[in-house]
Amino acid sequence: MKIRLAADAFDPWQEIVRYQTEHPGLAGKFGATAVFVGTLRDFNQGETVQAMTLEHYAPMTQKHLERLTGEAASRWPIADMLVIHRYGELRPNEPIVLVACWAAHRDSAFAACRYVIDELKTRAPFWKQELTGKGRRWVEQEI
Amino acid sequence: MSITVRFFASLRERLGKGQDIIDSKGIANVADVWQACARIPFPDNVLAAVNMEYARTDQPVRDGDEVAFFPPVTGGAR
């Protein structure tokens, strides 16, 4: 189980291969790998997005990601899990988040993967600021 | 005898600061921390955390705690 908050761009597919290579004990133990990759679009709410800055509360983010992956592991029989989440400035087409779940069977892999990405979206303290042709804007409810 | 207070995203910009260190004397709960740091009433949809756990405004706060205030987190549409 690994959680990484990444300041720089990453290639989710290379990360999956690397993780499996670095964890040879996984080999033969899984029959299913469910992967979710979230990627930055170049449009949102009718505007062209040039870049996005992801602000986060680092120690709280780490704590909550550890907790919700732990919850997934206790609910479904998964062999391993890898979560990588960007922060800082991103450009369109860059991956924002990777959730990979290895399990014996696909039902558990899909369910755990879905649980982690859905919970992450509501519980992990991240805030998005987009740069559009009209300037910078926070993507959130007005306060 | 102090409490570290942190602000994030649009709230940080609105208050003009990302961090405050306040004297814990006279501070009983999260609402007291807000009053000691901000000159505006507590906005309805601002979230709070004490030592990295989501907290209500009536949650007790102790010396040495880290209290954070921030807008709703932005996960995006399904």
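Quick note: the coordinates plus some simple rules give every number you see, no bench work behind them. Since this is a predicted model, take the numbers as computed values, not measurements. Cβ sites come from the backbone with ideal geometry, for glycine too, and all protein chains shown count toward neighbours.
Expressed in Å, the radius of gyration and Dmax of the Cα atoms of the range B:2-70 are 10.6, 28. Computed from label points 7 Å out along Cα-Cβ, the spacing between A:Thr53 and B:Met1 is 3.8 nm. Using a Förster distance of 41 angstrom, determine the FRET efficiency expected from the C-beta separation of B:Asp58 and A:Trp13, and round it to 0.05. Result of the calculation: an efficiency of 0.30. Of the trypsin sites (Lys or Arg not before Pro) found in the range A:47-143, those that fall in a DSSP loop while having at most 12 other beta-carbon atoms within 10 Å are A:Lys134. The mean sequence separation of alpha-carbon pairs under 8 Å and at least six residues apart, normalised by the residue count of chain A, gives a relative contact order of 36 percent. Among A:45-54, B:65-74, B:9-18, A:24-33, the peptide with the highest mean count of other Cβ atoms within 10 Å heads the list, and the full ranking is B:65-74, B:9-18, A:45-54, A:24-33. Take each residue of peptide B:5-15, count the partner chain Cβ atoms within 10 Å of its Cβ, and average: the result is 4.
For the peptide A:129-137, the mean number of other protein chain Cβ atoms found within 10 angstrom of a residue's Cβ is 1.
By the helix-only formula, in which each DSSP H run with n ≥ 4 contributes -39500 (n - 2.57) and the sum is divided by residues, chain A has a 222 nm mean residue ellipticity of -11000 deg cm²/dmol.
With 27 Å as the limit on Cα-Cα distance, the pairs of A:Lys121/B:Lys25; A:Lys29/A:Lys128; A:Lys134/B:Lys17 that go past it are A:Lys121/B:Lys25; A:Lys29/A:Lys128.
Taking 0.36 nm per residue of separation and subtracting the current Cα-Cα distance, fully stretching the chain between A:Arg67 and A:Glu89 would add 5.3 nm.
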